[in-house]
Amino acid sequence: MMLITLEEAKRHLRVDDESDDSDITLKTHAASGTVRNYLKSAADIYFDADGAVIADMVPFEVKAATMLMLGYLYKDRDENADGAFEQGYLPKPVTALLYPLRDPAFA
């Protein structure tokens, strides 16, 4: 499940060859899953009954948040060198895009 295409991901990362395609695909899946998990049930409208993404239903904010998260995963492959986010939380720019769309959970 990818909220953005491989082509969109590569364009965002400024990658113009195919040598990293499998890594970018993996990280795009991870970024998409992270965004979906954050949005919870509010993300359900972006998927059909089989769980496939309905591309026309994905808002620009969700695509941009997915691209930003992908950028963090791609650039900082195994750490949070810049301290962009705390453990257990998303980077603030990602959260800023998604927060208004989120379906909050209540305890």
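The values are calculated or read from the model by the stated rules, or taken from the named source; none is laboratory data. Worth saying up front: this structure is predicted, and the values here are computed from it rather than measured. The area values use the complete protein model at the heavy-atom level, side chains included, leaving out ligands, DNA and RNA. Shrake-Rupley method; radii C 1.70, N 1.55, O 1.52, S 1.80 Å.
Quick check on my link table: of K40/K92; K10/K40; K10/K75, which ones sit more than 20 Å apart, alpha carbon to alpha carbon? Listed pairs above 20 Å: K10/K40.
The share of accessible area on the chain that comes from carbon and sulfur is 54 percent, using a 1.4 angstrom probe.
Within the chain, helices built from complete DSSP H runs that reach 15 Å or longer along their own axis (Cα positions) and carry a mean Kyte-Doolittle hydropathy of -1.0 or higher are 21-39, 60-75. Scattering from the chain was approximated by placing one identical point on each alpha carbon and applying the Debye formula without solvent; log10 I(q)/I(0) at 0.15, 0.17 1/Å stands at -0.62, -0.79. Accessible surface area normalised per residue over the chain is 64 Å², counting heavy atoms of protein chains with a 1.4 Å rolling probe.
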